[in-house]
Amino acid sequence: MTLSVENLTINNANIPLISSINFSINNGEVMTLMGPSGCGKSSLLSAIAGHLSPVFTLEGKIQLNNTIMNDLEPDQRQIGILFQDDLLFPHLNVWENLAFGLPRTITGANRKNEAIQTLTQVGLHDIAFNMPNEISGGQRARVSLMRTLLAKPKAVLLDEPFSKLDKALRVEFRHFVFEQIKTQDIPALMVTHDDDDIPENGLVLRWPWNDNDRGLANA
């Protein structure tokens, strides 16, 4: 699986926000996108996910596994997103939150079984029946990631997923996220402001993105 953009330009009222950016991310890889506020990081993620505001215009290609995604609706792109907030449903317990992310083809009791099996695999089976407000921030973050991955995305976008965790949890959850992406064998694009979040020897795209061979470098 490969996620790539080719000559991608995003304009706001004919003013370029992002100009001719190019990159390719292979399966199991995490590429880090870094730059100051307002440089277009969130707009780029929105463009890839299919949520770009209509005030912007888009040129170039967004491809996933050699399929051009530009004209596909968000639910047709099979791209997962993990935000800095866990966004768990407060009225559902942990396994019910996980089950919400499962494909519709999994029905009935199989949804509960799949959710609890997933929790067991990541060492969280003992909180399956807890409500989100009864578990720790680190546990909520892990549940949120697994819910995203249970939807079987073909790529995942990470929008500052570690920023609201304290230092100890940040290190632990970061390792967990990268491990899961490698296990799922899907490409991931991460936005962060912290160099410590960059995977070892990971590809980094630093602002200005169209300078110095488009900013591509290894950490």
* Structure fact -> Taking Rh as the Kirkwood radius computed over alpha-carbon pairs of the chain and applying Stokes-Einstein at 4 °C with viscosity 1.567 mPa s, one gets a diffusion coefficient in µm² s⁻¹ of 72
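List nothing, just return the count: lysine pairs in the chain, 8 or more apart or interchain, with Cα separation under 21 Å.
On the way: 41/61; 41/154; 41/164; 61/154; 112/152; 152/182; 154/182.
Total qualifying Lys-Lys pairs in the chain comes to 7.
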* Can you check how the C-alpha radius of gyration of segment 92-152 compares to 2.2 N^0.38 Å, as a plain ratio? => 0.99
* Asked: What residues have an amide H closer than 5 Å to that of residue 135, excluding those fewer than 5 places away on the same chain, when H is modeled at 1.01 Å from N in the peptide plane?
  -> none
* Mean residue ellipticity at 222 nm from the helices of the chain, using -39,500 (n - 2.57) per DSSP H segment of n ≥ 4 over the full residue count, to the nearest 500 deg cm²/dmol? -> -9000 deg cm²/dmol
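So between residue 91 and residue 107, what do we pick up on full extension, going 0.36 nm a residue minus the alpha carbon distance?
On the way: separation 16, 0.36 × 16 = 5.76 nm, distance 2.06 nm.
Between residue 91 and residue 107, full extension yields 3.7 nm more.
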* **Relative contact order, percent, the chain [alpha-carbon distance under 8 Å, six or more residues apart]** => 29
* To do: For segment 69-117, run through the chymotrypsin sites (Phe, Trp or Tyr not before Pro) and keep only the ones in DSSP coil with at most 16 other Cβ atoms within 10 Å of their Cβ.
  => 83
* Asked: Near the amide H of residue 186, under 5 Å away, which other amide H atoms are found, from residues 5 or more places off or on another chain, if H is placed in the peptide plane?
  -> 28
* Of 130, 103, 113, which is farthest on the positive side of the dipole of segment 102-144, counting Cα position, with +1 on Lys and Arg Cβ, -1 on Asp and Glu Cβ, and the Cα centre as origin? -> 103
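Taking neighbour counts of Cβ atoms within 10 Å as a proxy for exposure, in what order, fewest first, do 105, 148 appear? Please report the intermediate quantities before stating the final value.
On the way: 105 7, 148 20.
Ordered by Cβ neighbours within 10 Å, fewest first: 105, 148.
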* ³J(HN,Hα), Karplus 6.51/-1.76/1.60, whole Hz, each residue of segment 153-165, x for Gly, Pro -> x, 8, 7, 9, 10, 10, 9, 6, x, 9, 5, 9, 9
* How much net charge surrounds residue 99 when only other residues with a Cβ under 15 Å from its Cβ are counted (Lys, Arg +1; Asp, Glu -1)? -> +3
* **Cα-projected label distance for residue 201 with residue 185, points at 7 Å along beta-carbon direction, nm** => 1.9
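I need to check one value: relative contact order of segment 1-92, counting alpha carbon pairs closer than 8 Å and at least 6 residues apart, in percent.
Details: 123 pairs, mean separation 29.6, N = 92.
Averaging sequence separation for qualifying contacts and normalising by length gives 32 percent for segment 1-92.
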* How large is ³J(HN,Hα), in whole Hz, for each residue of segment 200-206 in order, when computed from phi with the Karplus curve 6.51 cos²θ - 1.76 cosθ + 1.60 and θ = phi - 60°, using x for Gly and Pro? -> 4, 6, x, 6, 10, 10, 9
* To do: Using a cut-off of 11 Å between beta-carbons, work out the net charge of the residues near residue 158 (Lys and Arg +1, Asp and Glu -1, residue 158 not included).
  => -2
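Just so you know, all these numbers are worked out from the coordinates, no wet-lab data involved. As the structure is a prediction and not an experimental result, all values here were calculated from the model. Cβ coordinates were reconstructed from backbone atoms using ideal geometry, including for glycine residues, and neighbour counts include every protein chain displayed.
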